Amino acid sequence: MGHTAISIFMLNLPVWKVNGETFTNKLRAKLASKRLNKDIHFDLYDSKFLDFDWAYDDPESFESILARRCKQLRDTHKYIRLFYSGGHDSHTMLLSFLQSNTHVDEIVINIYSYWQTSKTEHVDDYTRNHPLNREQFRAAIPFIKKISSTIPKTKITIETLTGDYLNSNEGFGDTLQQNTMDITVDKMLHRKMLFGEDKIQGAINLLGAEKPRLKRVDGRYYWFCVDSNLVSINSHGTESEMFYITPDMPELHRKQCHMMLRWIKKHYPHEQDIDFLNQLNSDAERQSLNESFRWPLWHNESNLGLGKKVISRDDQYASFADSEKTLQLLKIDKIRTIMESAREQHTDIADSNSAYYYAPSFSYQYYIGR
């Protein structure tokens with residue numbers, strides 16, 4: 001896709017801008033930034049967000065805004081494909097549709113098994129207990145089975161993402177380089193799958209993104225966003241959309257920002273210059289923070305410990321498994337070759353100290369209160 005071409009695919013996805021030019025591919029944006037000696041800016045719906053009153057603490061309830069968002073999506077898309085993991089974000093998104101009695105055409109649960117080279121009906125214990133799949137097997141799949149009789153018109157898809165998703169050359173390099181080139185394989189597989197799911201005219205891939213990121217500077221609170229947090233979301237060329245952060249209903253993100261702000265004022269009233277979402281050391285506090293702007297997770301006997309460091313022996317085994325099968329250490333040759341080639345070709349813009357090939361770009365920060 002050309003870097004200045006504006007299409008339907010980028011209307012509801014963020015972009016990068018350099019010296020007035022719009023880019024849907026971060027590599028091209030970084031090259032332009034270097035060539036023109038101009039900063040790169042992550043445009044997170046600036047045309048809508050810059051003029052929006054983020055400091056207004058809207059009295060409308062979170063539940064009411066969520067219901068309106070579901071109806072809005074239903075009215076504007078012929079087919080809604082909701083991606084569900086069972087975590088805080090996707091669970092609240094799914095519950096919003098269920099509680100507002102808004103039909104979802106398809107619910108997709110991804111199972112990651114990238115060490116396999118082809119699809120298989122069999123799911124072994126390693127795959128089932130892998131850290132990437134704990135939420136799916138212990139929360140998402142049991143919950144969907146529990147409610148399936150109440151949503152008989154909704155298609156349930158459990159998609160096993162195996163190594164064969166990485167075998168095709170079709171657009172894969174562009175897919176990797178499009179955003180920030182996250183090295184984790186699950187995000188590569190997830191994005192690759194999004195590119196293969198636009199088979200129904202008028203369909204939307206609905207993704208549970210994104211949480212608020214708040215910080216306090218000189219007594220004032222702001223929210224902001226980093227492009228690397230949206231690395232698997234910002235997939236131009238697909239019909240994908242974020243549920244929570246959207247130019248179509250900015251009041252939804254404002255509401256969750258203010259809900260989170262109330263928690264921060266209660267627990268960290270004097271903390272300065274901290275990313276409250278990612279820099280809390282306590283598991284219990286992170287859980288409490290999530291629950292301040294998300295609905296409670298569904299629990300059964302097998303998933304009560306999800307989201308915390310206290311895990312079972314099987315989980316520990318999966319976490320410390322052989323490095324060839326561990327998420328952060330696995331380097332599939334195809335991905336590694338593409339990334340190393342990109343580094344060699346663009347050493348002047350690559351960030352060798354980052355988990356991403358290019359240093360993260362930030363959105364504007366928006367004042368939300370004192």
**Request:** Please give, to one decimal in nm, the separation of the simple spin-label points placed at Asp46 and Ile274, each 7 Å out from Cα toward the Cβ.
**Result:** 3.2 nm
**Accessible area of Leu304 in the full protein assembly, 1.4 Å probe (Å², nearest 10)** = 110 Å²
**Item:** Separation in nanometres of the label points that stand 7 Å from Cα toward Cβ, at Tyr367 and Asn37
**Value:** 3.4 nm
**Message:** Give the residue list of GluC sites (Glu not before Pro) in the range 98-157 that are DSSP loop and have at most 12 other beta-carbon atoms within 10 angstrom.
**Reply:** Glu121
**Request:** Over the alpha-carbon set of the range 1-114, divide Rg by the Kirkwood Rh and report the Rg/Rh ratio to two decimals.
**Result:** 1.06
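The values are calculated or read from the model by the stated rules, or taken from the named source; none is laboratory data. Source: prediction; values computed, not measured. No Cβ is skipped: glycine too gets one built from the backbone with ideal geometry, and neighbour counts run over all protein chains shown. When the accessible area is computed, the model is the full protein with side chains, heavy atoms only, and any ligands, DNA or RNA have been set aside. Shrake-Rupley method; radii C 1.70, N 1.55, O 1.52, S 1.80 Å.
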